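See below for the structure under consideration.
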2 protein chains.
Amino acid sequence: MNGPSNDGARSVRRRRIGIKDVAKAAGVSITTVSHALSGKGRLTDETRERVRRVADDLGYTPHPVAQSLASGRTGMIAVVVSLPGNAPIAFTQIDYYVALINAATRTAVGRGYALVVAPSTSGPATWGRLPLDGVIVIDPADGDPTLPMIRGRGVPIVFVGRDPNGLPDDLVVENDRASATRSVLDHLVDAGARTVALMGLRTFESFTEDALAAHTAWSEERGREPLVHAVDADSTASAGEFRAGALSLLASDDRPDAVFCLYERQAVELLAAARETGVDVPAEMLVATIAEMGLAASSHPGLTTLELNQDELGVAAASLLIDRLEGRPAASVRDVPTTITIRGSTRR
Amino acid sequence: MNGPSNDGARSVRRRRIGIKDVAKAAGVSITTVSHALSGKGRLTDETRERVRRVADDLGYTPHPVAQSLASGRTGMIAVVVSLPGNAPIAFTQIDYYVALINAATRTAVGRGYALVVAPSTSGPATWGRLPLDGVIVIDPADGDPTLPMIRGRGVPIVFVGRDPNGLPDDLVVENDRASATRSVLDHLVDAGARTVALMGLRTFESFTEDALAAHTAWSEERGREPLVHAVDADSTASAGEFRAGALSLLASDDRPDAVFCLYERQAVELLAAARETGVDVPAEMLVATIAEMGLAASSHPGLTTLELNQDELGVAAASLLIDRLEGRPAASVRDVPTTITIRGSTRR
DNA sequence: CCTCGCTGCGAAAGCGCTTGCGCATCCTGT
DNA sequence: ACAGGATGCGCAAGCGCTTTCGCAGCGAGG
């Protein structure tokens, strides 16, 4: 912590030391300095090493902005969660997003990129200024006003989950929702269910739509009427709305004996509502949901969950984007497998 | 969305349109375009307006990197939470940080800056590349290896909470912890407490130290031995460690009849431990803590909390930094008041 | 009629780096 | 001994903007 201090008069503001200073000190050209530090060019190991040492001694760090302008690459990628701004819950509260972003961050840093998290509510002030090589958009929502801004940047984008209004050649990382949904429904039947309902939200995201379609097809294959109970709200739904939806399901005439909730908070409220109205889970009703918030393990009974494998999604998204940035060929769509974690809510 | 498409061969990758294109299209020099768009220089309103329209029509957006290099300002500030990397809990889980950062983001964006959140674990890859005008460091921790890196950038820094190893002229936004601590202790006495203990952690942060000192002084003024019960862990403590500390406090010979916990999770565990060992809160023991995680309102009984007013801290931090960046004179330290929210845990 | 100040605009010099290419020098094979 | 390639390094042209400064043109004051 005791840097150089014998710099004569107390420096009003010491000029940043640049590549020219290093060149002068090492007695070489700036080209050579640049090459020495970047590992490019043709230099003897001795020169390379000497330049590096001089640079270190001087405490030289390249000016990132100049570097970016000259090279055309910034080494920065942004990740944004496309949640409605008025959501009663920030994406930081949702384990699913946090884990996914952490995994993406580790991957990006490991490959020499910095990853910044942009607030979902960022406007042009952010999207216009950020010097980005690429963007990861998580759960692109229909009608999100920031999506056109991001697309307008003209940088490569990887979507985690398909953009409902996207182009066919978008780069996408996602789960195979159809088969994931079917695997849950199958599990419920295996666990003894006769009628399996799907609980979602009225305003469908692409995600919800896929699950719905899969449920419909699955039901029809079994010659059953698809039983869907959609709560009248979008994904910004409050606990109260979920609770009301749960109570209405429990009170309905054709109450199903198994429910697959597409939202974890929905399942939690269903559990609470069931306890309140004296419906026993899992004896009278099986409940499964998708792991999002990390609430499933600690609810009573524990909730069987469909795991989307966020870590793998995050790694895949970052890898796909960086491969693309570096011109490496890669498939434009990557499917990440899902798994089911069985807990008390579907164990009789 | 239907840009010019008569560019001969199908554009392999359409060249970004730059200031030169706008200048050509508007029949002026690039200087004039720059001036027109930035509102500087001497131009007739008519020219200004015309250039703006042309720029819009062409869909021109200035290249942020070039802009930064030329102007020397990037319009970006970073915020980082200085939490140990091995913390069992991410800062995104802590309401206090999330609210603070949100407030800072709103303030920054409102003043034309983009604010990026850097992972606390970021290394040189991030800190070297990010083109930053300034940094906000939240809760600088003693020995955090990223702090020197950030200081090394040479950009202005605002600390939320004082850096234990900081310089006297650091820009700091903080609460007056001494008086805040005293106000809580006073409240506990008002609520009927006779002996008030302070529960903290063995490895002290500057925050903890201030509270400790205040508690000691306060106790001595009342002619009492200061009762401190420090849990043997740092702020990365797990629930189990907090629980063990709580049990040991409850079992001690000179069990206090009021406790001020410096960490909210600590208070939650104390409540649980008290229930378990048959100590009634608030009848036999009053408990107060600092609002961090948003758990206080929903515990049983509700926890009386000291509110640090995160929103105001965030706004103040961003404002202070930006004032400094823009050369506006400002005090280097800003105190944000605290408030106490009284709940069941101190209401007899 | 000449000077002066003001107005509207553009030329050009950077900002601090990266990189294509050219120029010596040296080594190798014949 | 000499051509030809390999090697080590530097020149200079950018990257796309901002900003200083200078240059005309013009109206007004003396």
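Throughout, read-outs are computed from the coordinates displayed, never taken from laboratory work. As the structure is a prediction and not an experimental result, all values here were calculated from the model. Counting neighbours? That spans all protein chains shown, and the Cβs are built from the backbone with ideal geometry, glycine included.
DSSP assigns beta bridges within the range A:214-348; of those with both partners inside it, close to 30 percent run antiparallel. Here is the P(r) of the protein assembly as shown: all C-alpha pair distances, binned every 10 Å from 0, give 3, 12, 20, 22, 20, 14, 7, 2, 0 in whole percents. Look at the stretch A:180-193: the mean tally of other chain Cβ atoms within 10 Å of its residues' Cβ atoms is 0.
Compactness of chain A is given as radius of gyration and Dmax, 26.5, 89 Å, from Cα positions. Legend: mean number of C-beta atoms from other chains within 10 angstrom of residue C-beta atoms, peptide B:90-97, equals 3. Each DSSP beta bridge with both residues in the protein assembly as shown is either parallel or antiparallel, and the antiparallel ones are about 10%. Excluding same-chain neighbours fewer than eight residues apart, the aspartates and glutamates reachable from A:Lys40 by a Cα-Cα span under 14 Å are A:Glu49.
Taken along the Cα-to-beta-carbon direction at a fixed 7 Å, the label points for A:Ala217 and B:Ala239 span 4.0 nm.
A point 7 Å from Cα along Cα→Cβ stands in for A:Arg16, and the other copies hold the same point at 1.8 nm, listed in rising order. Once both labels are positioned 7 Å from their Cα atoms along Cα-to-Cβ, the gap between A:Arg194 and A:Ser29 label points is 8.6 nm. Placing a pseudo-label 7 Å from each Cα along the Cα-to-Cβ vector at A:Asp142 and B:Ala330 gives an inter-label distance of 4.4 nm. The trypsin sites (Lys or Arg not before Pro) of the range B:112-166 include none that meets both conditions, a loop assignment by DSSP and at most 13 other Cβ atoms within 10 Å of the site Cβ. FRET efficiency for the A:Asp254 to B:Thr339 pair, using the beta carbon distance and R₀ = 60 Å, is estimated at 0.70.
From most to least packed by mean Cβ count within 10 Å, the peptides B:285-295, A:63-73 give B:285-295, A:63-73. Taken residue by residue and averaged, Cβ atoms of other chains lying within 10 Å of the Cβ of A:146-157 number 1. From most to least packed by mean Cβ count within 10 Å, the peptides B:184-197, B:216-229 give B:184-197, B:216-229. In nanometres and ascending order, the distances from the A:Arg73 label point to those of the other copies are 3.1 (point 7 Å from Cα along Cα→Cβ).
Report for chain A the percent antiparallel among DSSP-assigned beta bridges with both residues inside it, nearest 5. The antiparallel fraction comes to roughly 10 percent. Take every Cα pair under 8 Å whose residues are at least 6 apart in sequence, average their separation, divide by the length of chain B, and the relative contact order is 17 percent. Treating each Cα of the range B:236-291 as an identical point scatterer and summing with the Debye formula, the log10 of I(q)/I(0) at q = 0.27, 0.30 Å⁻¹ comes to -1.16, -1.39.
Position B:Gly39: other-copy label points at 4.6 nm, ordered by increasing distance, label point 7 Å along Cα→C-beta. Each Cα pair under 8 Å and six or more residues apart adds its separation to the average, and for the range B:224-328 the resulting relative contact order is 20 percent.
The ratio of the alpha-carbon radius of gyration of the range A:263-347 to the globular-protein estimate 2.2 N^0.38 Å is 1.49.
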